[in-house]
Each structure stands twice: as structure tokens, then as C-alpha cells.
Amino acid sequence: MADASKQDAAPTASSSAAPKQEKPAKPPNPVFRMMGLPNLPKKLPSRNWMIFWTVLFSFTAAKLYDNREKKRVQKKWCDMVAHISQQKLDIRELPRKLTIFLSAAPGDGIGSSRQYFKDYVKPILVAASMDYEVIEGRKEGDVRYGTAEQIRRLRRKKGERGSSNEEPEMDAAMAIDLMRERMMVQPEPGVRGDLVLGRHTWKEYIRGIHEGWLGPLDEPPEPIPEPPPRHASTELKTDDTAATASSEAIGTETKEEKPAEEKKEEEKKKTYPPPAYLSIQEYSSAPLSPYTPQVLEPSEPIHQQHLLGFLKTPQRIWNWLNRRSLQDRIGRQTAAIVLAHYRPYQHDDTFALPSTEDATPLATKAPESDALDSAPLQVSANYEQQSLLNEEEHYWHKSVRKSRSEGDKREQVWLNDIVLEPRIAERMRRFELDPEEVERAGRIEAGLEEGKAVPVRDLRAEKPVIGDLDHDSME
């Protein structure tokens with residue numbers, strides 16, 4: 001009987017241990033089903049996924065906010081200068097034209113500087129319909145030569161002649177100016193202005209201005225190298241006069257043939273840009289051109305934010321998420337150029353540069369810098385032009401400070417200090433916004449005031465007004 005009871009209890013226990021039937025799945029939310037999304041889980045993701053999504057969404061939100069604020073700041077400065085585009089011009093008058101100076105950033109190519117100009121400067125110039133020409137430099141020295149050559153061309157146009165006293169050759173720029181004079185087309189009266197992008201370009205710009213107004217019009221002749229001393233053992237000792245005469249004749253023939261054959265090779269080997277027509281040591285003794293105006297064209301150096309290197313990645317990320325402040329700074333400077341408000345550069349002890357003699361290691365100093373420091377320069381210091389954008393040099397790539405190979409006599413404009421001659425420095429002017437314009441920009445940003453530009457009517461969006469045709473035909 002006991003065995004029978006055990007057998008009866010076994011199936012009952014097995015039946016109780018059988019798994020229960022699963023509950024039917026909850027039907028999907030009709031809204032999610034129409035969007036093609038599954039049901040959301042009832043539990044939160046794991047800790048690692050929460051950290052990942054939080055960082056990703058925060059980074060994305062910071063960048064989207066920065067993009068929106070950058071566009072808003074850019075629109076503010078565009079509205080500030082938009083009324084300039086609606087000013088009327090005479091049919092024989094050219095619009096105001098700026099000169100843009102930009103060069104390849106230290107350690108990088110020209111493409112980054114071009115993109116920087118298109119992102120931060122060009123939209124404001126386009127809003128004001130400003131015309132401009134660009135002087136580019138792909139390597140160190142190009143902007144210096146381009147600036148000096150532009151000034152020398154202006155001096156020749158005004159009638160100044162060089163040491164050769166020859167008329168300049170006709171080029172494309174001179175031909176265009178001649179055609180405009182015959183058609184009585186004149187440029188817009190007023191200042192033009194120069195926009196310089198970056199501290200390295202600013203140094204070349206200052207160097208080119210001094211070379212253009214203080215230097216000669218013609219390129220100075222290259223120094224003739226001294227012939228090597230002749231040793232007695234290498235001299236040919238002979239008493240045969242006929243042999244010496246024949247050797248001299250052969251030598252003259254080869255000298256005549258050599259320039260004709262190697263002329264193309266010498267042109268290929270000629271360095272570009274050419275060396276400066278005037279050294280820094282000759283500033284004080286060089287005569288000023290008689291056609292130098294009392295006030296030079298105003299200028300404005302624009303900050304160029306450019307960082308290279310893996311160790312600067314945190315700073316580069318911060319700059320990438322803070323473009324709105326950079327746009328505000330560049331927009332203010334560009335608006336001052338467009339509105340043509342300027343003042344003289346200041347000359348004060350507050351602009352004295354800190355001494356870098358102890359801070360610069362000897363291994364990074366160029367040999368030319370020691371020669372320049374030892375040479376006596378009769379120039380004034382503590383000008384405002386010398387300290388502008390000085391903070392950029394700290395972030396330059398280390399390749400700029402590498403010592404050059406032996407025999408490379410090119411001037412290192414980027415590493416040398418800015419040297420100013422008082423006759424040129426006192427004639428320079430700088431663009432700056434008036435306090436009234438700064439207040440107006442604040443009101444435009446707050447939405448309390450609109451720009452001075454007249455809104456343009458889009459006639460395509462308006463429906464044509466058609467009168468009563470039957471009534472008109474009866475009349």
C-alpha cells in the first residue's frame with residue numbers, strides 16, 4: 001500500500017513542477033508601431049551605456065548651441081554693415097576696394113588660411129558688398145615681397161623713376177588703369193584699407209611697407225663673390241707667348257658662350273621671392289620716397305586661431321566648441337574696416353614687449369637673430385604695432401623655429417622682432433569701431449533695433465493687382 005501511494009504522489013509532484021504558461025506579449029504602442037519603433041524597455045540601460053549616451057548627447061548639444069550662437073553673432077555684424085551695400089555709386093565710379101593679406105599658417109598650407117577667411121571674414125564683406133583683392137603667400141617672404149612690390153608699382157605710377165631712369169614695362173594692371181583713365185572711371189573717394197590675417201602675416205606686412213617706401217625702386221645688384229686665392233703651385237709657368245695667347249682666346253670664347261647656355265638654368269635657380277631691397281639696419285639712413293602720403297592706408301590685423309599637435313588636442317576641442325566668441329571678435333574688427341573708422345597707432349611704454357632673451361632657449365635661436373641683436377638700430381620702440389597679436393607666437397608649430405641649413409641666407413621674418421621706423425610708424429592708422437557703433441551692435445543683438453538697411457521687397461511673392469477690366473474697357 002505504501003508503494004502504491006508513492007506511485008500516486010509521483011505524478012502529482014511532476015505535474016506541480018511543470019512550467020507555467022507564459023503571459024502573452026504586450027501589444028506594441030500604436031504610435032511606435034506607426035513610426036516603426038519597437039517597445040521601449042522597462043529598465044534603464046547599463047551604467048556604461050548611460051555614460052556613453054550622456055557624453056555623446058552633451059557634446060552634440062554643446063556643438064549645436066555653439067553653431068546657433070555663431071550664426072546669430074555673425075548675423076548681428078552683417079546687419080551692422082548691410083546698409084553699405086545700398087549706397088549709390090556714380091556710373092563712372094568704382095566701389096571701395098580692400099586689400100586682403102593672408103599667408104600659409106606656420107607649419108601648415110595655404111588652404112587652412114583660405115578656409116578661415118571664408119568662414120569668419122568673408123560673410124561680413126559680402127553683406128556690405130565690399131570689393132577686395134587678395135595677396136597670398138604660400139611660404140615665408142611672399143607677403144613681404146607682394147606688399148613691397150605693390151608700393152613700388154604705386155610709386156612708378158606717380159612718376160618716380162629708379163636709378164636706371166627707364167619707364168616701367170606695360171603689364172596687365174597698368175593696361176587696366178590706362179583704360180579706366182581714358183574712360184574717366186575713377187575709384188570711390190575715401191580710404192581703402194588693408195586686412196591682415198595672422199601675426200606671421202602682420203610681420204611680413206610691416207616689413208614690406210618699410211621696404212616699399214624706404215627702399216629703392218630697382219633691385220640692387222647681387223654682390224660679386226670674391227675669387228678664391230690662387231696658389232703658386234697651380235699657376236702655369238711657361239715662356240711660350242703663343243700658348244698663353246691661344247689659351248686666353250679659348251677662355252674668352254667659353255665666357256661668351258657660357259651666359260647664352262646657362263641663362264635658363266640661372267633663371268630656374270633664382271630664388272623666389274627675391275631678397276629684400278633694403279635691410280633692417282638701413283632703415284634710419286634710407287631716404288623716404290617723395291611720394292609717400294602723410295597718412296598711409298589704415299590697416300587691421302585679424303587674429304588667426306590655428307593649433308597643430310596632438311598635445312594641444314584639449315585646447316583645440318575647446319576652441320571648436322567656442323567658435324561664437326571668435327566670430328564676435330573677428331566680426332567686430334571686420335565691421336570697423338567696412339565702416340572705415342580709424343585712429344592713429346599709439347606710441348606708449350605700455351606696448352613694450354616682454355624680454356624674451358631668457359625665455360628663448362639658445363638651441364631655438366636663429367643665427368641671424370644674434371646678428372640683428374648686436375647690430376645698432378636707430379629706431380623707436382614701444383609702438384602698438386609691435387605688440388598686436390603677440391599671443392599667437394606661443395602656439396606656432398615647432399618647425400618654424402628649426403635652424404636652417406648652412407648657406408640658406410633667406411631672412412627669417414617670422415622669428416625676427418618687428419622693427420619700426422618712426423617716419424613710417426607715425427603715418428600708419430588702425431581701424432576701430434566708434435563707441436556709438438558698439439552700442440548700436442548691442443541693441444541689434446538684443447533685438448531692440450534693426451539694421452539701417454532698407455528691406456528688399458520680393459516682387460515674385462506678391463500677387464499682381466488686376467483692376468476691373470470690364471469697367472476699364474467701357475470707359
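Search the range 124-148 for residues that are without any contact (Cβ under 8 Å) to a residue 40 or more places away in the chain and pair each with any residue that is surrounded by 21 or more Cβ atoms within 10 Å (Cβ to Cβ) and in a loop (DSSP other than H, G, I, E, B) when their beta-carbon atoms are under 9 Å apart and the residues are at least 6 apart or on different chains.
From residues that are without any contact (Cβ under 8 Å) to a residue 40 or more places away in the chain, the pairs are D131/R96; E136/A104; R138/A104; K139/A104.
Could you pull out the residue among F117, F101 that is buried (at least 16 other Cβ atoms within 10 Å of the Cβ) and part of a strand (DSSP E or B)?
Numbers: F117 fails: part of a strand (DSSP E or B).
Selected residue: F101, the only one of F117, F101 that is buried (at least 16 other Cβ atoms within 10 Å of the Cβ) and part of a strand (DSSP E or B).
Consider E167 against the criteria (1) without any contact (Cβ under 8 Å) to a residue 12 or more places away in the chain; (2) within 28 Å of Q412 (Cβ to Cβ): it satisfies all of them except one. Which criterion is unmet?
The single condition E167 does not satisfy is (2).
Looking only at the range 303-345, which residues are part of a helix (DSSP H, G or I) and charged (D, E, K, R)? Full working, then the answer.
Of the residues in the range 303-345, the ones part of a helix (DSSP H, G or I) are 310-320, 323-339.
Residues satisfying the conditions are K312, R316, R323, R324, D328, R329, R332.
Among the residues of the range 368-409, how many are assigned to a loop (DSSP other than H, G, I, E, B), at pLDDT below 80 and not aliphatic (A, V, I, L, M)? Lay out the reasoning, then the answer.
Taking the range 368-409 first, the residues assigned to a loop (DSSP other than H, G, I, E, B) are 375-379, 381-382, 388-389, 396-397, 402-409.
Now narrow it down to the ones that are at pLDDT below 80: 375-379, 381, 404-409.
Still in the list and also not aliphatic (A, V, I, L, M): 376, 378, 404-409.
Of the residues in the range 368-409, 8 are assigned to a loop (DSSP other than H, G, I, E, B), at pLDDT below 80 and not aliphatic (A, V, I, L, M).
Hey, among I444, I466, which residue is modelled with pLDDT under 90 and open to solvent by less than 100 Å² (accessible area, probe 1.4 Å)?
On the way: I466 fails: open to solvent by less than 100 Å² (accessible area, probe 1.4 Å).
That would be I444, the only listed residue that is modelled with pLDDT under 90 and open to solvent by less than 100 Å² (accessible area, probe 1.4 Å).
If I filter the range 382-404 for residues that are under 26 Å from P287 (Cα atoms), among the hydrophobic types (A, V, I, L, M, F, W, C) and open to solvent by less than 30 Å² (accessible area, probe 1.4 Å), do I get at least one hit?
The initial filter retains those residues of the range 382-404 that are under 26 Å from P287 (Cα atoms), namely 382-386.
Next, only the ones that are among the hydrophobic types (A, V, I, L, M, F, W, C) stay: none.
No: zero hits.
Name the residues in the range 412-459 that are over 30 Å from L288 (Cβ atoms) and among the charged types (D, E, K, R), would you? Please lay out each step first, then the result.
As a first pass, look at the range 412-459 and keep what is over 30 Å from L288 (Cβ atoms): 433-459.
Selection gives D434, E436, E437, E439, R440, R443, E445, E449, E450, K452, R457, D458.
Of these, K270, K258, which one is of a type in the set (K, R), modelled with pLDDT under 90 and surrounded by 10 or more Cβ atoms within 10 Å (Cβ to Cβ)? Walk me through it before giving the result.
Numbers: K270 fails: surrounded by 10 or more Cβ atoms within 10 Å (Cβ to Cβ).
Being of a type in the set (K, R), modelled with pLDDT under 90 and surrounded by 10 or more Cβ atoms within 10 Å (Cβ to Cβ) holds for just one of K270, K258, which is K258.
I'd like to verify a number: residues in the range 412-433 that are open to solvent by 60 Å² or more (accessible area, probe 1.4 Å) and assigned to a loop (DSSP other than H, G, I, E, B), how many?
Applying the first criterion (open to solvent by 60 Å² or more (accessible area, probe 1.4 Å)) to the range 412-433 yields 417, 423, 426, 432.
Now drop any that are not assigned to a loop (DSSP other than H, G, I, E, B), which leaves 417, 426, 432.
Number satisfying all stated conditions: 3.
Can you find even one residue in the range 129-137 that is at pLDDT 90 or above and in contact with a Pro (Cβ under 6 Å, 6 or more places away or on another chain)?
yes
Taking the options I151, I176, name whichever one is assigned to a helix (DSSP H, G or I) and open to solvent by 40 Å² or more (accessible area, probe 1.4 Å).
Numbers: I151 fails: open to solvent by 40 Å² or more (accessible area, probe 1.4 Å).
Testing whether each residue is assigned to a helix (DSSP H, G or I) and open to solvent by 40 Å² or more (accessible area, probe 1.4 Å) leaves just I176.
Is it true that D79 is open to solvent by 40 Å² or more (accessible area, probe 1.4 Å), of a type in the set (D, E, K, R) and touching a residue at least 40 places away in the same chain (Cβ under 8 Å)? Steps first, please.
Numbers: open to solvent by 40 Å² or more (accessible area, probe 1.4 Å): yes; of a type in the set (D, E, K, R): yes; touching a residue at least 40 places away in the same chain (Cβ under 8 Å): yes.
So D79 fits the description; yes.
Within the range 85-98, work out how many residues are free of Cβ contacts under 8 Å to residues at least 24 places away in the same chain and assigned to a strand (DSSP E or B).
Taking the range 85-98 as the starting set, the residues that turn out to be free of Cβ contacts under 8 Å to residues at least 24 places away in the same chain are 87-88, 90-91.
So of that shortlist, the ones also assigned to a strand (DSSP E or B) come out as none.
Counting residues in the range 85-98 that are free of Cβ contacts under 8 Å to residues at least 24 places away in the same chain and assigned to a strand (DSSP E or B) gives 0.
I'd like to know if the range 192-212 contains one or more residues that are surrounded by fewer than 14 Cβ atoms within 10 Å (Cβ to Cβ) and either assigned to a helix (DSSP H, G or I) or at pLDDT below 90 (or both).
Step one: list which residues in the range 192-212 are surrounded by fewer than 14 Cβ atoms within 10 Å (Cβ to Cβ), which gives none.
The answer is no; no qualifying residue exists.
Any residue in the range 291-314 that's closer than 12 Å to G193 by Cα: show its pairings with residues that are open to solvent by 50 Å² or more (accessible area, probe 1.4 Å) at Cβ separation under 8 Å, as long as the two are six or more apart or on different chains.
E297/R192; P298/Y342
The values are calculated or read from the model by the stated rules, or taken from the named source; none is laboratory data. Owing to the predicted nature of the structure, the values given are computational and were not obtained by experimental measurement. Here the Cβ is made from the backbone with ideal geometry for all residues, glycine too, and neighbour counts use every protein chain on show. The area values use the complete protein model at the heavy-atom level, side chains included, leaving out ligands, DNA and RNA. Shrake-Rupley method; radii C 1.70, N 1.55, O 1.52, S 1.80 Å.
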